[in-house]
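Asks: What follows is a structure written as structure tokens; I'll ask about it next.
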Amino acid sequence: MSTVAVRWAVVEAPSNIALVKYWGKRDEALNLPAAGSLSMTLRDLRTRTRLEWRLDEQGEDAIEVAGRPLDARGRTRALRILDAVRAAAGLRARAVVHSTNDFPTAAGLASSASGMAALALAAVRAAGLDWSLERVSALARLGSGSAARSLHGGFVEWRAGTRADGEDCVAVRLAGPEHWPLRLWAVLCARGPKAVGSTEAMRRTAATSPYHEAWLAQVGRDLPVARAAIARRDFDALAAVAEASALRMHADMLAAHPAVLYWTPATVAALHVVWRARAERGLRAFVTIDAGPHVKIVLPPQPAPGEEALRAELQRVDGVEGIMQTAVGPGARLVEGGER
Ligand code: PMV
């Protein structure tokens, strides 16, 4: 009789961009957010992860991203996911993980959402657990909050939940990518890693910004508005709520002490370029910005005349390193898996 020594899975998971932002935790250890958030899944920024459970092997998990060991911070987060799967599946096993991104990690585009979502799905599927994507989202959240939103395709809402154990803090799919194939341009406004990590920046904001309670209350009002705009495919309504959500999140950070400011001069210049194109030429586009300097521009499904001029203008902005074009895309998926 042959015994199984290795169980493995290869998965792919996408990145996502929040339209109603997540900024502030109600529990840091479990990465539970203080409010819900809403995102769209991105088509072209994906992580592919191969994970092997080496059954009955002792020793440390090996986790590599693009051929290099994962850094200490990432490793601590990844181990939360691996330990949770070992406990749930009753596995005595060491994990060997290889991960690659189909976008340049060094460009500073978020890779933790796609990376932690891929790790969670690979660990679960390789362990033979038949968990729903909602349940996998709660696991991915242990690695990075925004990763919870990267399991589903299309438009996704991550519910804050109220339970202390976080079991009701899961991401649900609102609509698939075919519902409304919005496009996105990521305007790269700096190189290199960000100065302050999002966990530290959120902690500082919650502790010192006098606007933080107002921010959290606003999220509660924005979520139903964004949900309804997506259901109706109402671009102007989504633009209004999403752009305001991003700017209010940054206002909350700016009100922290010491202030958290991710923007560079190129960020501000790109914002003005988009706003001018909208005001003067009626271009339909809105802006969102995460915990970094890059400006993400959301555009309707059909390209409009005038977009090329906008792109050329953005490329001329001092400090803009490039523009990446993508669109709403599908969710995470198992590519292959098995045992030997
Ligand atoms: O969970 P993290 O560490 O990726 O935090 C994400 C925070 C923002 O990107 C700024 C907002 C969001 O909702 O994605």
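Asks: Taking θ as phi - 60°, what are the ³J(HN,Hα) couplings along the stretch 218-226 by the Karplus curve (6.51, -1.76, 1.60), each to the nearest whole Hz, with x for Gly and Pro?
Replies: Going residue by residue, I get 5, 4, x, 7, 6, 4, x, 5, 5 Hz, with x marking Gly and Pro.
Asks: How far apart, in nm, are the 7 Å Cα→Cβ label points at ALA228 and ARG73?
Replies: That separation, rounded to one decimal, is 3.9 nm.
Asks: Quick one: order VAL328, VAL20 by neighbouring beta-carbon count within 10 Å, fewest to most.
Replies: Taking fewest neighbouring Cβ atoms as first place, the list is VAL328, VAL20.
Asks: Taking R0 as 25 Å, what FRET efficiency do you get between ARG203 and ARG135 from their Cβ-Cβ distance, rounded to the nearest 0.05?
Replies: Values: r = 28 Å, r/R0 = 1.10.
FRET efficiency, ARG203 to ARG135: 0.35.
Asks: Here is a further query. Decide, for the stretch 193-340, between rounded, prolate and oblate: order the square roots of the alpha carbon gyration tensor eigenvalues as a ≥ b ≥ c, take rounded if a/c falls under 1.5, and otherwise choose prolate if a/b is larger than b/c, else oblate. Let's see the in-between values first.
Replies: On the way: a/c = 1.32, a/b = 1.10, b/c = 1.21.
Rounded.
Asks: How many angstrom lie between the Cα centre of the stretch 145-197 and the Cα centre of the stretch 222-271?
Replies: Here the two parts' Cα centres lie 14 Å apart.
Asks: Relative contact order for the stretch 208-263 using alpha-carbon pairs under 8 Å, separation at least 6, rounded to a whole percent?
Replies: Values: 36 pairs, mean separation 25.9, N = 56.
Answer for the stretch 208-263 is 46 percent.
Asks: While we're looking at this one, here's another question. Would you work out if the stretch 129-281 is rounded, prolate or oblate? Take a ≥ b ≥ c from the square roots of the eigenvalues of the alpha-carbon gyration tensor; rounded if a/c is under 1.5, else prolate when a/b is larger than b/c, oblate otherwise. Kindly include the intermediate steps, with their values, before the conclusion.
Replies: Values: a/c = 1.63, a/b = 1.15, b/c = 1.41.
Oblate shape, in that a/c is at least 1.5 and b/c is the bigger or equal ratio.
Asks: A further question on this structure: Taking K and R as +1 and D and E as -1, what net charge do the other residues with C-beta under 14 Å from the C-beta of ALA229 add up to?
Replies: Details: positive: ARG221, ARG227, ARG232, ARG233, ARG284; negative: GLU157, ASP222, ASP234, ASP236, GLU243.
Neighbourhood net charge equals 0.
Asks: At 7 Å along Cα-to-Cβ for each site, give me the label-to-label distance between ASP44 and ALA66 in nm.
Replies: Reported label-point gap for ASP44 and ALA66 is 1.7 nm.
Asks: Given axes a ≥ b ≥ c from the Cα gyration tensor, I'd like to know whether the stretch 154-202 is rounded (a/c under 1.5), prolate (a/b larger than b/c) or oblate. Numbers along the way, then the final one.
Replies: Working: a/c = 4.89, a/b = 1.12, b/c = 4.38.
The shape class here is oblate.
Asks: Where does the chain land at 222 nm, in deg cm²/dmol rounded to the nearest 500, when only DSSP H runs of n ≥ 4 count, each adding -39500 (n - 2.57), divided by all residues?
Replies: Details: 8 runs with 123 residues, N = 340.
Rounded to the nearest 500, it is -12000 deg cm²/dmol.
Asks: A further question on this structure: Putting +1 on Lys and Arg Cβ atoms and -1 on Asp and Glu Cβ atoms, find which of ALA277, LEU334, HIS257 reaches farthest to the positive end of the dipole of the stretch 228-340.
Replies: Of the options given, the answer is ALA277.
Asks: 7 Å from Cα along Cα→Cβ at both ALA214 and ARG333: what's the point-to-point distance in nm?
Replies: Output for this residue pair reads 4.6 nm.
Asks: Normalising by the residue count of the chain, find the relative contact order in percent from Cα pairs under 8 Å and 6+ residues apart. Intermediate values should be presented prior to the final figure.
Replies: Numbers: 778 pairs, mean separation 86.0, N = 340.
Once normalised by length, the contact order is 25 percent.
Asks: Sticking with this one: Tell me, what is a quarter of the convex hull surface for the C-alpha atoms of the chain, in nm² with one decimal?
Replies: On the way: hull surface 68.1 nm².
Convex hull of Cα atoms, orientation-averaged projection: 17.0 nm².
Asks: By how many nm would the segment from ASP27 to ALA88 grow when fully extended, if each residue of separation counts as 0.36 nm and the alpha-carbon distance is taken off? Before the final figure, lay out the partial values.
Replies: Working: separation 61, 0.36 × 61 = 21.96 nm, distance 2.13 nm.
Contour length minus the Cα-Cα distance gives 19.8 nm.
Asks: Counting alpha carbon pairs within less than 8 Å and at least 6 residues apart, what relative contact order, in whole percent, applies to the stretch 1-53? It would help to have the intermediate numbers written out before the result.
Replies: Numbers: 79 pairs, mean separation 25.5, N = 53.
About 48 percent, as a whole number.
A short reminder: the numbers here are calculations on the coordinates, not readings from a lab. Note that the structure is a prediction, hence the values are computed from the model and not measured. A quick note on method: Cβ atoms are made from the backbone with ideal geometry, for glycine too, and the neighbour counts reach across all protein chains shown.
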